[in-house]
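The values are calculated or read from the model by the stated rules, or taken from the named source; none is laboratory data. Quick caveat, the model's predicted, so the values are computed rather than measured. Here the Cβ positions follow ideal geometry from the backbone for every residue, glycine too, while neighbour counts run over all protein chains shown. For the accessible areas, the whole protein counts, side chains as well, though only heavy atoms, and no ligand, DNA or RNA atoms are used. Shrake-Rupley method; radii C 1.70, N 1.55, O 1.52, S 1.80 Å.
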Amino acid sequence: MEGGGFVAASKVSIYEGRVTAFVICTCLIAASGGLLFGYDLGISGGVTSMEPFLKKFFPSVLEQQSKASQTENQYCKFDSQLLTLFTSSLYLAALVASFFASIVTRIFGRKISMLAGAVAFLIGSILNGVSMNIGVLIFGRLLLGVGVGFANQSVPVYLSEMAPASIRGALNIGFQMAVTIGILAAGLINYGTAKIEGGWGWRLSLVLAVVPAVVMTAGSYLLPDTPNSILERGQPEKARQMLQKVRGTQHVDAEFQDLLDATEAAKKVEQPWTSILQPRYRPQLVICILIPFFQQLTGINVVMFYAPVLFKTLGFGDDASLMSAVISGIVNVLATMVSIYSVDKFGRRVLFLEGGAQMFIFQIAIGTMIAVRFGVNGDGELSRWDANTLLLFICAYVAAFAWSWGPLGWLVPSEICPLEIRSAGQGINVAVNMIFTFIIGQVFLSMLCHMKFGLFFFFAGFVVIMTVFVYYFLPETKNVPIEEINQVWKQHWFWGKYIPDEALIGLSRNDEGRDT
C-alpha cells in the first residue's frame, strides 16, 4: 500500500502571472497576525515564573513552591489549577471566538476578521498590564483569546488565497514565522523585565503585547481583501482587478474562471457548518480535525508557554530558566526559516515525516535523562553538563517541530478546503487547536507532577501515531492551485472515493490541453 498519494502535474493548471512585490508585501503584513499568538505563548510562561507576579495574584503557588523546595520534589513545584487557568483561559476564549470568526470571515471578508481580532487583542493587552485583581487579569486574557481566535482563523486563509501556488507554502509559513518571532521577543522581554527592581516588570511584559496588536490593527486596516473573498461577496469586476494586481498580469482568465466556478459551488452551500459533514467533504473534515489535534499532542506547548517554568522546575536558576527559554526561541525562529525554504521545494509530507522522527528521538532522550537524574520521586539535581545537554535535546526537539508540525499545522488545513467550506474548515482547525491547547495548558503542570518523566514518553507515543497517519492519509499539495486541491484528494488511494467528479474544478480545461 502506498503512503499519501500525489497529484499528477499534468492534471493541474499552471496560471499566468509572477510573484509580485505587492503580494509579498500584503502577505508579510497579514502574517504579522502571528505575532499576537506568538507573543502571548512566550510571555505567559515567563510571567508565571516571576515571583512578584505570583505574590500578587497566586500567593498559594509561592507557598506550594516553597514546600516543594523543602521536599526536593522537582516535579510538583508549580502544580496549581488557578495558575494554569490564567494561561489556558485565553485558549478557551479563542475556541469560542473561532466559530464567530468563521462567520465574519465568510460574510464580511478576511480583512474585517483580522481587524476585529487585532482590536480585541489590543484592549486585552491594556487590561492585563493595568490589572489589580485576578478578575480583571482573567478578563483581559479572555479578550486576548478573542483576538487570537479571529487572527488564527483569518490570517492563514488570507495567505493561502493571496499566494501563488508555487510559493503558497513559504508565504503561508510567514504566519508561523511571526509566531516564532513573537515567542522569541517575549522571551527576551521577560528576561529583561524580571530584573527590574520594584517587582513591576511583569506589568511591562504584559502591556507590551499592545505592540504586536497595534501592528496588526494598522496592517489589517491597510490590507486589501483577497480576490476569492471579494468574489464570494458578489463583486466580480473588483475581484478580477485585484487578481490582476496580485498576479502582476492582465491575463488571469484561467485562474479567474476557477475562482468563478468555486464561487458558484459555494453559493449552493447555505450552511457550511452542516455541509462540511457531508461525505464529499470527509477528507477535509478529518484533516481539519486531526492535524490541529496532533499538533498539540506533539507536546510542544510543554516547552513553549511553560518553558521558563519547565526549566526552573528541572533545576535551572531563575535567570538560567529565562535565558534557556530565549535560546529555544532562537532555535524556533531559525528552524522555521528552514521550513520556508523547503516547503515548496520538497513538499509538506517530507517535512512532516522527518520532523516526526526527530521529535520522537529527542522526546525519548529528554524523558530518559530526566528519569535518570530525578527518578520517580523527583529527588535530584542537574549538573551544569546535564543542564546543557538537556537544553540541547530540547532545542533539537523544538527545531523539528518548527520546520514540520508548527508551520504545517496551519498551512495544510488552510489550503485543502474548497471555497464553500473554507471558512468552516479553518474555524474547525482553530477550534480543535485551541481546545487542546486549553486542555494541555490546564493539565500539563498536574500531569508533570503525577506522570513525571513519563509525560515525555506519553507525547512521544502520539508523535509515532501522527507520523504514521501522515504517511498513509495526507497527500502532497505543493504547487497545486488552491481551487484545484480536490484533484489531489480524488487521486488518493483512500480519500478518492469520497470526491465526486463534479467537484474537480478546472479538470475539463486541462483535459482539453489548455492552461497545462
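Under the classification rounded if a/c is under 1.5, otherwise prolate if a/b is larger than b/c and oblate if not, where does the range 205-298 fall, given a ≥ b ≥ c as square roots of the Cα gyration tensor eigenvalues?
Oblate, since a/c reaches 1.5 and b/c is not below a/b.
Charges at C-beta only: +1 for Lys and Arg, -1 for Asp and Glu. How large is the resulting dipole of the range 182-289 about its Cα centre, in Debye rounded to 20?
I would put it at about 240 debye.
Farthest toward the dipole's positive end in the chain, which of ALA163, PHE444, PHE346, given Cβ charges of +1 (Lys, Arg) and -1 (Asp, Glu) about the Cα centre?
PHE444
What distance in nm separates the simple spin-label points at TRP273 and SER60, each placed 7 Å from Cα in the Cβ direction?
Taking the simple label geometry, TRP273 and SER60 are separated by 3.5 nm.
Want the number for THR20 to PHE457: 0.36 nm per residue separation, take away the alpha-carbon distance, what's left?
This chain segment gains 152.7 nm when fully extended.
So which trypsin sites (Lys or Arg not before Pro) in the range 359-426 end up in coil per DSSP with only 10 or fewer other C-beta atoms within 10 Å?
none
Per 20 Å bin, what is the whole-percent P(r) computed from every C-alpha pair distance within the chain?
Spelled out bin by bin, the chain gives 24, 55, 20, 2 percent.
Estimate the FRET efficiency between THR389 and PHE100 by the formula 1/(1 + (r/R0)^6), using the beta-carbon distance for r and 41 Å for R0, to the nearest 0.05.
0.35
Roll a 1.4 angstrom probe over the protein heavy atoms and tell me the percent of accessible area of the chain that is carbon or sulfur.
The nonpolar share, carbon plus sulfur, comes to 66 percent.
Do any trypsin sites (Lys or Arg not before Pro) in the range 146-223 lie in a loop, going by DSSP, with at most 15 other beta-carbon atoms within 10 Å of their beta carbon, and if so which?
Passing sites in the range 146-223 are LYS195.
Suppose each label sits 7 Å from its Cα in the direction of the beta carbon; what would the TYR472-GLN491 distance come out to in nanometres?
A separation of 2.3 nm, rounded to one decimal place.
Could you check the spin-label model distance between ILE361 and MET132? Points 7 Å from the Cα along Cα→Cβ, value in nm.
Modelled inter-label distance: 5.6 nm.
Using 31 Å as the Cα-Cα cut-off, could you pick out the over-long pairs in LYS268/LYS490; LYS238/LYS268; LYS245/LYS497; LYS245/LYS268; LYS55/LYS111; LYS238/LYS345?
Cα-Cα > 31 Å for LYS245/LYS497; LYS55/LYS111; LYS238/LYS345; rest within.
If you take the beta carbon distance between ALA503 and GLU197 as r and set R0 to 60 Å, what does 1/(1 + (r/R0)^6) give as a FRET efficiency, to the nearest 0.05?
Once rounded, the FRET efficiency stands at 0.40.
Using a Förster distance of 41 angstrom, determine the FRET efficiency expected from the C-beta separation of TYR341 and GLU264, and round it to 0.05.
It comes out at approximately 0.65.
What value, in deg cm²/dmol to 500, does the helix sum -39500 (n - 2.57) over DSSP H runs of n ≥ 4 give at 222 nm once divided by the residues of the chain?
-24500 deg cm²/dmol
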